[in-house]
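Structure, as structure tokens:
The values are calculated or read from the model by the stated rules, or taken from the named source; none is laboratory data. Because the structure is predicted, anything quoted here is derived from the model rather than measured. We place every Cβ from the backbone using ideal geometry, glycine too, and count neighbours over all the protein chains shown. We work out accessible area using only protein heavy atoms, side chains counted, and drop any ligands, DNA or RNA first. Shrake-Rupley method; radii C 1.70, N 1.55, O 1.52, S 1.80 Å.
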Amino acid sequence: MRFHIISVAVLCAAAGALVGCNPDTTGHARADSSPTASATPATPATPATPATPATGAKETTDDKPTEAERKAVPDFVGMGLQSAQDTAQAAGFYALTSHDALGRDRLQVFDRNWKVCGQNYEAGKTIPISTRLDFAAVKLAESCPAKDEKAPEAAQGTMPDFGGKSVKAARAALDPSTSLTVNDASGSDRWILVESNWKVCTQSPSTGTALKGQPVTLNAVKFDETCP
């Protein structure tokens with residue numbers, strides 16, 4: 001009997017020791033446990049060093065073009081407008097514009113349908129490549145005028161002379177607030193839809209009359225017709 005009591009006591013003591021030494025098997029972290037690895041703080045990125053300009057580089061302080069930015073103007077007269085523009089760009093000129101050489105204020109919508117009659121800088125002249133080149137052009141089926149016909153200038157308080165000018169150009173020269181009536185001078189009472197295709201035969205008020213907001217009347221026919 002004593003032997004069994006002692007054995008039981010020894011077993012109980014051993015069991016207690018085992019429980020005290022084993023880790024918590026419930027999956028919860030022990031309060032006195034230490035992390036196995038410590039996080040290393042990220043090293044801050046080194047600021048980028050500004051690029052150092054090349055030695056001897058000179059900063060441009062004015063807009064005056066250098067000699068390398070000046071070129072001779074090509075000869076564009078007789079070219080199709082699209083070809084003239086391509087040639088100008090190939091030579092380094094990119095500031096390009098064009099206008100109706102007949103003074104009818106038509107827009108060059110399809111450049112391949114127009115040809116160059118004149119240019120604002122003569123061929124061979126050396127100019128800065130930033131210079132704007134202006135081509136005077138007419139449609140392919142038309143003949144170039146003896147001289148570049150300009151659209152009438154804006155009215156400055158007096159009625160301009162619109163005789164022979166396109167209705168579109170005449171309208172553009174008047175104040176936008178002007179009450180304008182355009183009639184078919186042939187008496188056929190046709191609608192004047194494309195004003196750049198019609199030319200002024202007569203006008204009211206007459207040339208030189210002071211403009212004080214009064215209505216303006218233009219009588220016109222198509223450009224291939226004769227005024228009555």
- request: Figure the gain on full extension for Lys125 and Lys222 (residue separation times 0.36 nm, minus the Cα-Cα span) and round it to one decimal in nm.
  value: 31.0 nm
- prompt: If the cut-off is a Cα-Cα distance under 19 Å, which lysines reach Lys71, setting aside same-chain residues fewer than 8 apart in sequence?
  reply: Lys125
- prompt: Which lysines, on any chain, are close to Lys165 with Cα under 23 Å apart, when same-chain ones fewer than 8 places away are left out?
  reply: Lys115, Lys139, Lys147, Lys150, Lys199, Lys212, Lys222
message: Could you tell me the relative contact order of the stretch 82-177? Use alpha-carbon pairs under 8 Å, at least six residues apart, and round to a whole percent.
response: 31 percent
task: Distance between Cα centroids, the stretch 76-103 to the stretch 118-154: provide it in whole Å.
output: 9 Å
task: Output the relative contact order of the stretch 164-228, whole-number percent, from Cα pairs under 8 angstrom with separation of 6+ residues.
output: 42 percent
Rounded to the nearest 10 Å², the accessible area of Lys150 at probe 1.4 Å: 120 Å²
- request: Express the relative contact order of the stretch 111-228 as a whole percentage, based on alpha carbon pairs under 8 Å and six or more residues apart in sequence.
  value: 23 percent
query: Assuming R0 = 35 Å, what is the FRET efficiency of Ala91 and Asp184, from their Cβ-Cβ distance, to the nearest 0.05?
result: 0.15
- prompt: Packing-wise, with mean Cβ within 10 Å as the measure, how do 78-89, 124-135 rank, highest first?
  reply: 78-89, 124-135
- request: Calculate, for Glu142 and Trp191, the FRET efficiency according to 1/(1 + (r/R0)^6) with r their C-beta to C-beta distance and R0 25 Å; round to the nearest 0.05.
  value: 0.55
message: Which one, Gln85, Pro176, Leu140, is farthest towards the positive end of the dipole of the stretch 76-189 when Lys and Arg carry +1 and Asp and Glu -1 on their Cβ?
response: Gln85
